[in-house]
Amino acid sequence: MKKSGGLIYLDNNATTRVDSRVFDEMEPWLREEYGNPSSAYGIGRKSSQALAAARERVASLIQAQPEEILFTSCGSESINTAIRSAISHDPDRTHVVTSAVEHSATIKLCEHLAKRGHEITLLPVDSLGRLDPERLKKSIREDTALVSLLWANNETGVLFPVAEIAAICREKKVPLHIDAVQAVGKLPINVHEFPISFLSLSGHKLHCPKGVGALFIRRRTRFTPWLIGGSQEEGRRGGTQNVAFITALGKAAELAADGIHDETVRIRALRDRLETTLQHRLSGVHVNGDPVFRLPNTTNLRFEGIESEGALMLFDKEGLCCSAGSACTSGSVHPSHVLTAMGVPRDGARASLRFSLGRFTTEEDIENAEKIVIRAVNKLRSL
Ligand code: PLP
C-alpha cells in the first residue's frame with residue numbers, strides 16, 4: 001500500500017490507516033447495497049447477511065460466539081455500555097473497581113458515577129505500570145458490581161495480568177469488563193480462556209474506519225441496554241446498524257487474525273530496533289513502563305532534557321507523527337495521568353514520547369524516524 005505524503009506514521013495507538021482491503025469490502029455497502037438490515041425483502045436481507053458475516057468474523061478474532069458480539073459506535077461506547085449495564089442490576093451493588101491508568105472513557109465515566117453516589121476504587125500501579133493482583137483481590141467487596149480494567153495500556157503498552165485478574169473476579173463472583181481496545185489485533189485473544197463477562201474493542205485501532213466498535217458480552221451475562229431503546233442487535237442497542245462500517249470491521253478483524261503471529265514478530269523487531277538505536281545514540285533515554293510485559297508495537301520513551309511539545313513540532317516538520325500522551329490528551333499540557341500514576345515526575349512526563357508502530361510501518365520508516373528523533377533531541381538539548 002502506498003504511503004500517504006511521505007509520512008512516517010508512528011501513532012497507531014491513536015488511530016490507524018484504513019487498509020485498502022477493508023475499504024474495498026466496505027464500499028459497496030455505501031453505494032448500491034443500501035438495504036435496511038431489518039427489512040424483509042432482498043436488499044434488506046443482503047444487509048442482514050452482511051451483518052451476520054461480520055459478526056462471525058469479529059467473534060472469531062477473539063474466539064467468541066457471534067451472538068456474544070454487540071456492535072457499537074466505538075470503544076468508548078462499548079466501555080460505557082458494559083459498565084453502565086453492570087451497575088444497573090442491583091441497588092445494593094454500587095461499587096466499581098478500576099485502575100488509575102485506564103483510558104479516559106473509563107475514568108470520566110467513573111468520575112461521573114462517583115458524583116452520583118457510586119463508590120469507585122482506583123487501583124494504583126507501580127513504577128513500571130504494573131497492577132498488583134493481590135490489591136485487586138483486597139479491593140473487591142460485598143457491594144462490588146464490576147471490575148473494569150485494561151488489557152493493554154494505550155500510552156505505555158503495559159499489559160495487565162488478565163488471567164490472574166479474571167481468576168480473582170471468578171473467585172469473588174464479580175463480573176469483569178476488560179478494555180481490550182489496544183490489545184485486540186495486536187495479541188492473540190481467546191475470551192474463553194478467561195472468565196471475562198465483557199470485552200471492548202474498537203475498529204479504528206484495527207485499520208478500519210472510525211465510528212464502529214464492538215462489545216463482547218458473554219452468554220448468560222446479565223445485560224441492560226444503555227439509553228438507546230430499539231429492537232436492533234437483539235434489543236441490546238437500538239438504531240439501524242451501520243452496515244458499511246460493521247462490514248469493514250468484519251474484514252479488519254479477519255485481516256488482523258490472519259497476520260497476527262507474523263506481524264507481532266515483525267513489529268516487535270522494529271520497535272526494539274528503534275528503542276535500542278535511540279538508547280545507544282542518545283544519552284538519557286529511558287523506557288516508561290515494563291520493558292518486557294507490554295504490547296509489541298509500543299514504546300514510551302523519556303528523553304532527559306527535552307519537552308515533548310517541542311519535539312512534536314520538530315517531528316511534524318519532517319513528517320514524523322507520534323504522541324506526547326494518549327490521543328485524547330494530546331494538545332493539552334497536562335502531564336499524562338498514566339505516567340503520573342507510575343510516579344514519573346512532572347518534568348519526566350513532559351519529556352516523554354510514545355511511538356506506536358503498525359501494519360504499514362516499514363524498516364525504512366524506522367531508519368528515518370531514528371534520524372529525525374536524534375536530530376530533534378540534540379537540537380532541543382542544545383537550546
Ligand atoms: N480504550 C483504550 C485503551 C483506548 O486506547 C481507546 C482509544 O484510544 C479507547 C478505549 C476509546 O476507543 P474509541 O476511540 O474507539 O472510543
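The values are calculated or read from the model by the stated rules, or taken from the named source; none is laboratory data. Predicted model, so just to flag it, every value in this text is computed and none were measured. Glycine gets a Cβ as well: all are built from the backbone with ideal geometry, and neighbour counts include every protein chain shown. Just the protein is used for accessible areas: all its heavy atoms, side chains included, with ligands, DNA and RNA removed. Shrake-Rupley method; radii C 1.70, N 1.55, O 1.52, S 1.80 Å.
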Rounded, prolate or oblate: pick one for the chain, where a ≥ b ≥ c are the square roots of the eigenvalues of its C-alpha gyration tensor, a/c under 1.5 means rounded, and failing that, prolate if a/b is larger than b/c, else oblate. oblate
Sum up the charges of everything whose Cβ sits under 12 Å from the Cβ of residue 226, counting Lys and Arg as +1 and Asp and Glu as -1, but leave residue 226 out. +1
Between residue 280 and residue 135, what is 0.36 nm times their sequence separation minus the Cα-Cα distance? Round to one decimal in nm. 48.5 nm
Rounded to a whole number, what is D in µm²/s for segment 256-311 from Stokes-Einstein with the Kirkwood radius over alpha-carbon pairs (25 °C, 0.890 mPa s)? 194
Among the lysines, select those whose C-alpha is under 24 Å from the C-alpha of residue 46, and discard any that sit fewer than 8 residues away in the same chain. 210, 251
Sort 29-35, 153-159 by packing, meaning the average of other beta carbons within 10 Å per residue, with the highest value first. 153-159, 29-35
P(r) tail for segment 97-141, what percent of Cα pairs lie past 15 Å? 45
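Order these peptides, 76-82, 93-99, 138-144, by their mean beta-carbon neighbour count within 10 angstrom, highest first.
76-82, 93-99, 138-144
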Roughly how many whole Å is it from the C-alpha centroid of segment 49-78 to that of segment 237-287? 19
Considering only protein heavy atoms and a probe of 1.4 Å, how much of the accessible area of the chain is carbon and sulfur, as a whole percent? 51
How big is the charge dipole of the chain about its Cα centre, in debye rounded to the nearest 20, if each Lys and Arg gets +1 on its Cβ and each Asp and Glu gets -1 on its Cβ? 320
Inter-label distance, nm, simple model (7 Å from Cα along the C-beta direction), residue 346/residue 318: 3.0
In terms of the Cα gyration tensor, with a ≥ b ≥ c the square roots of its eigenvalues, is segment 142-215 rounded because a/c is under 1.5, prolate because a/b exceeds b/c, or oblate? prolate
Under a Cβ-Cβ cut-off of 15 Å, what is the net charge of the residues other than residue 27 that fall near it, where Lys and Arg count +1 and Asp and Glu count -1? -1
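Between residue 116 and residue 39, what is the FRET efficiency for a Förster distance of 41 Å, r being their Cβ-Cβ separation, to the nearest 0.05?
Details: r = 40 Å, r/R0 = 0.97.
The pair residue 116/residue 39 has a calculated efficiency of 0.55.
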Considering only the other residues whose Cβ falls under 15 Å of the Cβ of residue 273, what net charge follows from Lys and Arg at +1 and Asp and Glu at -1? -2
Solvent-accessible area per residue for the chain at a 1.4 Å probe radius, Å²? 44
For segment 53-163, projected area of the alpha-carbon convex hull averaged over all directions, nm²: 8.0
Sites residue 60 and residue 309, calculated FRET efficiency, Cβ-Cβ separation with R0 41 Å, nearest 0.05: 0.45
Given the candidates 284, 382, 169, the one whose Cα lies deepest towards the positive end of the charge dipole of the chain, counting +1 at each Lys or Arg C-beta and -1 at each Asp or Glu C-beta, is 169
How much length would be gained if the chain were fully extended between residue 272 and residue 127, taking 0.36 nm per residue of separation minus their Cα-Cα distance, in nm to one decimal? 50.1 nm
At 1.4 Å probe size, what's the solvent-accessible area of residue 45? Round to the nearest 10 Å². 120
Solution diffusion estimate, µm²/s, Stokes-Einstein, segment 221-293, Kirkwood Rh from C-alpha pairs, 25 °C, viscosity 0.890 mPa s: 146
